[in-house]
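Data block below; observations after.
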Amino acid sequence: MRLVARSMAFALLLSLCALLFFGGAARADDWKQVNLPGFGNPGIAGCGDMIQYKSSLYCIAGGDSNTGSFLWRYDGSGPGGWSNVTPAGARGLGSLVADGDCMYAFNYEMGVGPYVLRYDGSGWTRIESPGFIPSMLTFFKGTLYLGTGNEVMGPSQVWRYDGGNKWTRVNTDGFGDPRNEDVYAMAQYGDSLYAGTLNAATGAEVWKYDGRAWTQVNEDGFGEAANEEVMSFVVYNGCLYAGSGNSDTGGKVMRYDGGTGWTQVNEDGFGASWTISCFAQFNGNLFVGTSGNCEVWKYDCAGWTQVNEDGFGDHLNLGVDTMCIYNDRIFAGTYNIGDIDTSTGAGCQVWEMADETVPTSRNLGTGSIGDSRPATTWYLAEGSTGGGMETWILVQNPNNRPADIHLTYMTSNGSKAGPSTRIGPNSRATFDVARDVPDNWGVSTVV
């Protein structure tokens with residue numbers, strides 16, 4: 001896998017106070033809506049998964065069983081830039097993942113056996129299933145995995161795709177507890193697959209899979225039974241984070257500390273939201289979407305900042321269902337059923353925000369290409385974070401699949417571990433060296 005690394009050093013000619021003021025923090029007015037509500041159909045109330053595949057943004061959006069759900073492709077041109085590209089015969093699409101070469105979704109409708117669909121950029125192939133009720137898809141070590149729910153088939157299950165129409169179940173029903181009703185979230189962290197469950201009795205569980213066996217790695221409900229579900233995972237800055245649903249005290253963002261230990265890193269529900277619905281990473285920051293108050297929050301390991309107005313200014317937007325990075329912008333999809341009394345204002349919305357990269361309200365020095373040739377390791381020349389200087393590292397992933405990266409800083413006092421993160425396809429991330437190595441006159445970087 002190839003990446004492009006760029007090192008930028010800037011001479012700071014403003015005072016520290018001016019830097020903090022002009023630092024380019026995201027504001028509510030940085031957002032703009034880029035679709036018609038419900039893509040023109042008020043019955044399409046919610047956005048499902050949203051991902052970049054090749055050069056386009058794709059979003060699943062749908063309503064109730066009568067409305068169905070559909071796949072939309074975006075060309076970046078604004079509200080008129082969406083096309084309905086739903087596969088023929090599919091009306092119950094859910095989950096959306098890509099491995100660079102192909103994109104996958106599942107389809108489930110009452111009375112129609114569930115199946116998985118694979119898109120290679122030119123056409124769709126139907127992959128039959130053993131009859132499970134799918135909840136979500138993910139990749140683990142390059143192989144497709146599927147999590148299920150129990151509304152019809154029984155406790156939660158995890159299945160591995162083995163090619164053709166062959167699937168292999170890799171866990172026991174409910175991980176041994178029939179009250180584990182669903183697998184809503186899965187993610188690879190290190191060399192293991194992590195799965196989060198819905199358990200309304202004793203609280204959500206997180207299970208770790210090493211390719212052979214499963215081990216529970218949290219206390220039920222993270223110690224609070226009201227944390228009934230794990231809705232999302234993300235690997236950020238070398239750590240695994242989980243987002244919970246909790247209608248009692250509010251959704252939690254939990255950081256995994258190893259073993260069975262987790263640390264909560266946010267205020268309960270950010271004060272008003274009951275679910276941590278989704279995560280996204282951009283420019284070295286973690287972004288969180290919530291349901292309840294339909295908020296987006298930014299985390300830089302030092303603290304949280306809300307970066308949108310509640311509901312994006314529309315009180316009928318009840319939650320941020322999904323987020324994605326596309327064309328160096330954050331996109332967020334909402335859930336909006338409209339005004340029940342008047343049957344107006346309905347339809348999901350997609351919003352775009354341009355996050356800050358390097359602050360622009362100051363005099364800057366120069367930026368230079370490190371190396372644009374394919375490679376897996378780069379050694380960048382010395383920069384400085386002392387005496388009013390800044391050094392920023394920009395890493396670009398021009399591939400059609402995600403790339404995991406790690407930064408190490410080399411100083412006169414030895415090496416220091418920098419951030420680790422996953423960069424999405426055709427995306428980039430920017431890192432402020434001073435966050436990890438402040439006030440240092442000579443620091444080089446290994447990417």
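The values are calculated or read from the model by the stated rules, or taken from the named source; none is laboratory data. These numbers come from a predicted model, not from an experiment. Positions of Cβ are backbone-derived with ideal geometry, glycine not excepted, and every protein chain shown enters the neighbour counts.
Worth pointing out:
- Output for the stretch 33-78, where each listed residue is among the charged types (D, E, K, R), under 20 Å from residue 102 (Cβ atoms) and touching a Gly at 6+ places or on another chain (Cβ under 7 Å): 54
- Residue match in the stretch 74-81 (condition: outside any loop (DSSP other than H, G, I, E, B) and buried (at least 18 other Cβ atoms within 10 Å of the Cβ)): yes
- Residue list for the stretch 109-120, restricted to those being at pLDDT 85 or above and either closer than 13 Å to residue 68 by Cα or within 23 Å of the chain's Cα centre (by Cα) (or both): 116, 117, 118, 119, 120
- Selection of the stretch 393-421 for residues being small (Gly, Ala, Ser) and not in a strand (DSSP E or B) yields only 412.
- Residue 204 being in the same structural domain as residue 146 (by TED's automatic domain parsing), assigned to a strand (DSSP E or B), touching a residue at least 40 places away in the same chain (Cβ under 8 Å) and aliphatic (A, V, I, L, M): no
- In the stretch 143-166, the residue that is modelled with the lowest pLDDT out of those that are of a type in the set (Gly, Ala, Ser) and over 26 Å from the mean Cα position of the chain (by Cα) is 154.
- Evaluation of residue 302 against (1) at pLDDT below 95; (2) crowded, with 21+ Cβ neighbours inside 10 Å (one fails), failing number: (2)
- Qualifying residue in the stretch 107-130 (condition: touching a residue at least 24 places away in the same chain (Cβ under 8 Å), in the same structural domain as residue 324 (by TED's automatic domain parsing), in contact with a helix residue (DSSP H, G or I) (Cβ under 7 Å, 6 or more places away or on another chain) and not basic (Lys, Arg)): no
- Residues that are part of a strand (DSSP E or B), more than 25 Å from residue 232 (Cβ to Cβ) and hydroxyl-bearing (Ser, Thr, Tyr) within the stretch 116-144 comprise just one, 125.
- Test: residue in the stretch 146-160 that is touching a strand residue (DSSP E or B) at 6+ places or on another chain (Cβ under 8 Å), closer than 21 Å to residue 45 by Cα and not in a loop (DSSP other than H, G, I, E, B): no
- Looking across 319, 245, 261, one residue alone is closer than 21 Å to residue 198 by Cα and without any contact (Cβ under 8 Å) to a residue 12 or more places away in the chain. It is 261.
- Strands (runs of 3 or more DSSP E) within the stretch 228-341 that include 2 or more residues aliphatic (A, V, I, L, M): 229-236, 239-245, 253-258, 275-282, 285-291, 319-326, 329-335
- Evaluated against (1) under 19 Å from residue 141 (Cβ atoms); (2) not in a loop (DSSP other than H, G, I, E, B), residue 222 falls short on exactly one condition, (1).
- Scanning the stretch 354-392 for residues that are surrounded by fewer than 19 Cβ atoms within 10 Å (Cβ to Cβ), at pLDDT 60 or above and in a strand (DSSP E or B) turns up 379, 381, 382, 389.
- Hey, residue 351 modelled with pLDDT of 75 or more and either farther than 24 Å from residue 289 by Cα or touching a helix residue (DSSP H, G or I) at 6+ places or on another chain (Cβ under 6 Å) (or both) or not: yes
- The residue that is nearest to residue 305 (Cα to Cα), counting only those in the stretch 249-288 that are modelled with pLDDT under 95 and under 15 Å from the mean Cα position of the chain (by Cα), is 285.
- Listed by position, the strands (runs of 3 or more DSSP E) contained in the stretch 2-70 that have at least 1 residues being modelled with pLDDT of 55 or more, surrounded by 15 or more Cβ atoms within 10 Å (Cβ to Cβ) and hydrophobic (A, V, I, L, M, F, W, C) are 31-33, 46-53, 56-62.
- Within the stretch 260-297, the set of residues being charged (D, E, K, R) and surrounded by 21 or more Cβ atoms within 10 Å (Cβ to Cβ) comprises just one member, 295.
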